[in-house]
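Q: After the structure tokens below, expect a handful of questions from me.
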Amino acid sequence: MTVRYGWLSPDGQTRADTRHTALGATTPAGPLQSRLGILPGTDDGQFRIGGLGMAGTTGTMTAVVHPGRAVVQGPGTRGAYPVALDEDVTVSFAPGDAQYGRVDLVVLRVYDDEADGSGRSEAAVETVQGTPAAVPAAPASPGLALPLFQVAVPAGTSAGTGGIPWATAITDLRTTLVSVGGILPVYNNATVEGSYRGQYQDNEGEGTLQRWSGTAWVPYPKALGGIAPAGVLTTGGYPGQYRDTAAGQLQRWNGSSWQPAVPGPVFTQSLDAGSTTSTTYTATLAGTAVTSLTLNFTAPPSGSVIIGIGARVYTAGSETVTAHLSPQVTLGSTVIWAPDDERAASGSGAVSKSVSTQLRLNSLTPGATYTVTAMHRSTSASVTCWFDTIHLRVDPIS
């Protein structure tokens, strides 16, 4: 026998049938349903899946499907059918349409006369012919069948014209399944939803072990309690997890995003002088390419930072007018700290001088990203105040 099946034949299940089809592989898809798929593994252990592979025969319209074991799930509460192919089987494809190409399916199909009235109680490897079209699509798979491959059959193809171009014609549709509690090696089924919280799959494409949370596949940390190497995790597995980055920065997962583990200090500066006559605080200066000087920082766990601000200032032609430089701190569009003369680095006089100040800001939300902006003003609308070598610095307080 080539295609063996368990608990199906009305003529009795042989001992060989039982040996081949005692799969123990039912990845749940519901209380009474299993995923359909192929048992993983190859003879040399080099690949995820080898069972029920297919190779076309050059110059022909035939292909060979190789041995393997699978589970085909019945509709509703009918149950799962274990199937094993224990020797090569040849499948044939009809010649191509004269005008259009088509796409055929190769399937592992189960017939169950007791349920479908087909008059057959067996499993078989079959082709399902598609419909020729200008943009051909694969046909629907029969109800009780496991799709294995798509085969593109170009227009006018036949054995007499060189057969199907096998190197480009085959699309692998096989999917994997394992026993309940086993780790599923993903193969064409990375986006299939999990069946229960705590289910695991190995996603080779992302290089991660993943756990089903009930709503999504979450990467399971490779270094639980340790630091994940650079390039391993895109999403953290738990708040407080750490990872290295390609830039050599240590980051911490806060539950929704990666944040610098040591947030700061951060610094920015502008060496391009600009001026203002505004008597109210403004971020914009005239005569400079730097329209405003801003700096983003992440609030540390303490919620407190030191903000440093400074510049070289002078008041053109006046010894009494004062130039004020003060920080404005925002969280999104919300102003946390408005600029104020009490929090300003201030100077006056026609000769430029360096001024600076440092201020402590408390009660920030740890992990949130804030923006500090350098704000400027003159105490007289008729006197131009100049600001040069402006700098901003934020240091976290532990």
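FYI, it's all coordinate maths here, none of it is from the lab. What you are looking at is a predicted structure, and each value in this text was computed from that prediction instead of being measured. All Cβ positions, glycine included, derive from the backbone under ideal geometry; neighbour counts span all protein chains shown.
Q: Which value, in nm² and rounded to one decimal, describes the direction-averaged projected area of the C-alpha convex hull of segment 1-88?
A: 7.6
Q: Under a 5 Å amide H to amide H cut-off, with H placed in plane at 1.01 Å, what residues pair with THR26 once short-range neighbours are removed?
A: Here the answer is SER179, VAL180, since their amide H atoms fall under 5 Å of that of THR26.
Q: Find the all-direction average of the projected area of the Cα convex hull for segment 321-373, expressing the result in square nanometres with one decimal place.
A: That works out to 4.4 nm².
Q: Quick one, can you get me the convex hull of the C-alpha atoms of segment 348-398 expressed as volume per residue in Å³?
A: It comes to 121 Å³ per residue, whole-number rounded.
Q: While we're looking at this one, here's another question. Over all alpha-carbon pairs of segment 266-396, lay out the pair-distance distribution in 5 Å bins, whole %, shortest bin first.
A: 2, 12, 22, 24, 18, 11, 7, 3, 1, 0
Q: Rank these for me by crowding, ILE306, ILE390, going from fewest to most other beta carbons within 10 Å.
A: ILE306, ILE390
Q: Which is the longest run of the chain containing none of the GluC sites (Glu not before Pro) found in DSSP loop states (not H, G, I, E, B) with at most 15 other C-beta atoms within 10 Å?
A: 205-318
Q: Within the chain, which is the longest segment containing none of the chymotrypsin sites (Phe, Trp or Tyr not before Pro) that sit in a DSSP loop and have at most 14 other Cβ atoms within 10 Å?
A: Formally, the longest exposed-site-free interval is 197-398.
Q: What residues qualify as long-range amide H neighbours of SER158, i.e. H under 5 Å apart, gap of 5 or more or another chain, H built at 1.01 Å from N?
A: GLY96, GLY163
Q: Given the convex hull over the Cα atoms of the chain, what projected area results after averaging over all orientations, in nm²?
A: Answer in nm², one decimal: 30.1.
Q: Something else: Considering Cα pairs under 8 angstrom that are at least six residues apart, work out the relative contact order of segment 3-172 and quote it in whole percent. Spell out each step's value before the answer.
A: Working: 401 pairs, mean separation 37.7, N = 170.
With pairs under 8 Å counted, the relative contact order is 22 percent.
Q: Another question, if that's okay. Tell me, what HN-Hα J-couplings in whole Hz come from the Karplus equation 6.51 cos²θ - 1.76 cosθ + 1.60 at θ = phi - 60° for each residue of segment 57-73, using x for Gly and Pro?
A: 8, 4, x, 10, 10, 10, 9, 10, 9, 8, x, x, 10, 8, 10, 10, 7
Q: Roughly what % of Cα-Cα distances in segment 241-330 sit above 19 Å, to the whole percent?
A: 56
Q: Next question. For segment 3-172, just the Cα atoms, rotate onto the principal axes and tell me the three extents in Å, largest first.
A: Taking the Cα atoms of segment 3-172, the three principal extents are 46, 40, 31 Å.
Q: Provide the per-residue ³J(HN,Hα) series for segment 298-315, in order, calculated from phi with Karplus coefficients 6.51, -1.76, 1.60 and θ = phi - 60°, each as a whole number of Hz, with x at glycine and proline positions.
A: Working through the residues one at a time gives 9, 5, x, x, 6, x, 10, 9, 9, 9, x, 9, x, 5, 9, 10, 7, 10 Hz.
Q: Would you grab the residues whose amide H sits under 5 Å from the one on THR175? Only those 5+ places off in sequence or on another chain, please, with H modelled 1.01 Å from N.
A: Residues meeting the criterion, in which the H sits 1.01 Å from N, are ILE38.
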